[in-house]
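Here's the structure we're looking at; comments come further down.
The values are calculated or read from the model by the stated rules, or taken from the named source; none is laboratory data. These numbers come from a predicted model, not from an experiment. All Cβ positions, even for glycine, are placed from backbone atoms using ideal geometry, and neighbour counts span all protein chains on display.
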Amino acid sequence: MFLYRFEASIEDRTIPIVILANDDDKAFKLVDSELEKFYVKKPDVKDLLLYEKKKVTQSGGYVLDIEVLSKR
């Protein structure tokens, strides 16, 4: 299993998305699925970037500091 950190550009915002999946293909599909679940209407994603991919053994995580992420 892998833990993925994506960033999606939606309208004028950058949204961090964290996904747990077996492979890259499944991770990208899950991004769409999670966006559909979170928003009433799936937003138009201008850009989707994969920033990090970590192999998960017993533990792992990401720090999502919105202030730092917004300055990229």
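Miscellaneous remarks
- Per the conditions (1) out of contact with any strand residue (DSSP E or B) (no Cβ under 8 Å at 6 or more places or on another chain); (2) of a type outside the set (D, E, K, R); (3) surrounded by 12 or more Cβ atoms within 10 Å (Cβ to Cβ), the sole criterion not satisfied by THR57 is (3).
- The residue pairs whose first member lies in region 34-59 and is closer than 14 Å to ILE15 by Cα, whose second member is at pLDDT 90 or above and of a type in the set (S, T, N, Q), and whose beta carbons are closer than 9 Å, counting only pairs six or more residues apart or on different chains, are VAL45/SER9; LYS46/SER9; ASP47/SER9; LEU48/SER9; LEU49/SER9.
- For region 1-34, a residue qualifies if it is surrounded by 18 or more Cβ atoms within 10 Å (Cβ to Cβ) and not in a strand (DSSP E or B), and the qualifying residues are ALA27, VAL31.
- Subset of region 37-58 (residues that are outside any strand (DSSP E or B) and over 13 Å from the mean Cα position of the chain (by Cα)): LYS37, TYR39, VAL40, LYS41, LYS42, PRO43, ASP44, VAL56, THR57, GLN58
- Within region 37-55, if we keep just the residues that are among the basic types (Lys, Arg) and in contact with a Phe, Trp or Tyr (Cβ under 7 Å, 6 or more places away or on another chain), the residue that is modelled with the highest pLDDT turns out to be LYS53.
- Whichever residue in region 59-72 is assigned to a helix (DSSP H, G or I) and either β-branched (Val, Ile, Thr) or at pLDDT 90 or above (or both) and, among such residues, is farthest from LEU3 (Cα to Cα): VAL68
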